[in-house]
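S.K.: Take a look at this one; I'll ask things after.
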Amino acid sequence: MQSTENLDDVCSHFESLAGSNNVIKGEYTCSGEQSTPGGAGTLPDGTNSGSGSSSSSSAAVPMLIPGATGVLGVVAAIFGLL
Amino acid sequence: MLTIDNTQLGSLDGINLQVADTIYVTNNPYLSSASMQLGNVTQSLTFGANSKDLKLEFPNLEWAYNMTFRNCSEVLIPSLASINGSLGFYSNTFENLSAPNLTNVGGSLSFVSNEELTNISMPELTTVGGGFQIANNTKLSDINGFPSLKTVGGALDFNGAFEK
């Protein structure tokens with residue numbers, strides 16, 4: 001998930017949900033205030049190849065979203081597979 | 001199968017299908033309105049590159065396999081309950097998209113480059129079996145129309161100018 005706007009509140013909510021044994025099982029990227037927001041497989045501003053936030057090598061697997069309320073029910077799980 | 005391509009039709013009045021396997025309506029520059037009494041589409045329904053003012057209405061459509069909408073100014077799908085395959089909205093000019101009865105998309109769900117889109121409402125959607133993409137909808141600042149969404153089977157890819 002990448003946006004030109006501030007996503008601090010959104011990202012902080014989902015950070016705790018990322019992990020291979022957690023709700024967001026695949027690769028997770030959530031970055032706001034991006035000059036050019038990219039899609040799945042792109043890196044946020046200021047990151048280098050091989051780095052990222054809360055990333056894992058897991059393949060995309062079904063993601064269960066607890067207590068969905070608006071966009072807070074939508075989890076940022078950017079993965080190279082679409 | 002119904003294909004309407006590269007005609008000068010202004011509407012689809014008189015075409016009264018209840019069920020279809022494939023509907024393909026493209027490149028009809030004068031087609032500005034279409035209200036179809038379809039109940040379901042067993043393979044695919046595609047509208048694209050018709051008049052930029054095209055308003056579509058499917059009041060009775062409950063189920064479809066794949067649906068793709070491009071370059072439409074309005075899409076009304078009040079009865080749509082389930083998509084077995086994929087549902088996509090690309091480069092449309094509507095401000096709002098509502099699917100109040102949609103509960104399941106078996107494949108992917110996509111909203112891409114809809115430059116006037118400000119609101120998406122799918123209050124009963126619980127499952128997207130494939131990927132879920134919302135990208136490059138420059139006026140979409142809030143993504144809050146999926147309060148029941150529980151599962152996304154593929155990649156969730158949101159990028160744009162949203163802040164919540």
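Read-outs: derived from the displayed coordinates by stated rules, not from any lab. A quick note: this is a predicted structure, and the numbers were derived from the prediction, not measured. Positions of Cβ are generated from backbone atoms using ideal geometry, with glycine treated the same way; all protein chains shown enter the neighbour counts.
S.K.: Is the shape of the range B:1-58 best called rounded, prolate or oblate, per the rule: a/c under 1.5 gives rounded, else a/b larger than b/c gives prolate, else oblate, with a ≥ b ≥ c the square roots of the Cα gyration tensor eigenvalues?
M.R.: Verdict is prolate for the range B:1-58.
S.K.: Another one. If you take every residue apart from A:S35 with its C-beta less than 14 Å away from the C-beta of A:S35, what net charge results, scoring Lys and Arg +1 and Asp and Glu -1?
M.R.: Charge balance near A:S35 sits at -3.
S.K.: For the pairs A:K25/B:K164; B:K139/B:K164; B:K55/B:K164; A:K25/B:K139; B:K52/B:K150, note any where the Cα-Cα span goes beyond 24 Å.
M.R.: Among A:K25/B:K164; B:K139/B:K164; B:K55/B:K164; A:K25/B:K139; B:K52/B:K150, the Cα-Cα distance tops 24 Å for B:K55/B:K164; A:K25/B:K139; B:K52/B:K150.
S.K.: Turning to a different aspect of this structure: 7 Å from Cα along Cα→Cβ at both B:T118 and A:N6: what's the point-to-point distance in nm?
M.R.: It works out to 2.3 nm between the two label points.
S.K.: Let me ask something else. Do any chymotrypsin sites (Phe, Trp or Tyr not before Pro) in the range B:1-76 lie in a loop, going by DSSP, with at most 14 other beta-carbon atoms within 10 Å of their beta carbon, and if so which?
M.R.: Listed in order of number, the matching sites are B:Y30.
S.K.: Around B:I77, what is the net charge, scoring Lys/Arg as +1 and Asp/Glu as -1 over all other residues with Cβ under 13 Å from its Cβ?
M.R.: In short, -3.
S.K.: Using the Cβ atoms and a cut-off under 11 Å, what net charge is assigned to the surroundings of B:E163, where Lys and Arg are +1 and Asp and Glu are -1? Can you show the working numbers first?
M.R.: Details: positive: B:K164; negative: A:E5, A:D8, A:D9, A:E33, B:D142.
Summing Lys and Arg as +1 and Asp and Glu as -1 gives -4.
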